[in-house]
Amino acid sequence: MTDAPPILARIRPNPVRRAMAAGFPAVLGLLLVAIAAGGGVASAFDLAFLLLTGLSALAFGVAVWRSTAPELELTRDELRERGGRVLCRIEDVARVERGFFVMKPAGGFVLILASRHPRAFAPGLWWRRGRRLMVGGATTPSESKAMAEVIHAMLAAGD
């Protein structure tokens, strides 16, 4: 029987940030659908635009709610979602960026990877595009900072 690797750091999405990240587009979607259903729309194009935009905003709110449900876990080998989806291997991380002027998600950090990875994202929690993995959004800033520091220390110890 193999033991699971120890969790070095964990990021739990903040419930308030999660509700706001999912709630704002959902409320916007509901308002747009209500305006369209109210009957005061001038043309069929306007009606279609309001309905399409409103339903898209509602769908995005649901997607953010679902994608921000899992916790992120850091082990010696990988950064992953709690369900097992691997975001990146630690051996592939070139550096950690979390400075004031770094383009990063709210309360988060950016990992620059050594090689390109396929695009993937969990809106409000993490995004991966090319050599960048951005973590943050609905996360707690203190937990994100702690995880970034642990990854930075792991990289420094590996050199």
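Rule-based calculations on the coordinates, nothing more; no lab input. As the structure is a computational prediction, the values presented were derived from the model and not from experiment. Every residue, glycine as well, gets a Cβ built from its backbone with ideal geometry; the counts of neighbours run over all protein chains shown.
Here are a few things to note about the model shown:
- Residues (of a type in the set (Gly, Ala, Ser) and in contact with a helix residue (DSSP H, G or I) (Cβ under 6 Å, 6 or more places away or on another chain)) located in the stretch 1-33: Ala9, Ala21, Ala22, Ala26, Gly29
- When the stretch 4-48 is filtered for residues that are hydrophobic (A, V, I, L, M, F, W, C) and more than 28 Å from the chain's Cα centre (by Cα), the ones remaining, listed by number, are Ala34, Ile35, Ala36, Ala37, Val41, Ala42, Ala44, Phe45, Leu47, Ala48.
- Top-ranked residue of the stretch 118-149 - restricted to ones that are among the aliphatic types (A, V, I, L, M) and more than 15 Å from Thr68 (Cα to Cα), ranked as surrounded by the fewest Cβ atoms within 10 Å (Cβ to Cβ): Ala146
- Hey, Ala36 without any contact (Cβ under 8 Å) to a residue 24 or more places away in the chain, touching a helix residue (DSSP H, G or I) at 6+ places or on another chain (Cβ under 7 Å) and of a type outside the set (Val, Ile, Thr) or not: yes
- Note on the stretch 118-145: residues that are out of contact with any Leu (no Cβ under 6 Å at 6 or more places or on another chain), outside any helix (DSSP H, G or I) and farther than 18 Å from Ala19 by Cα amount to 10.
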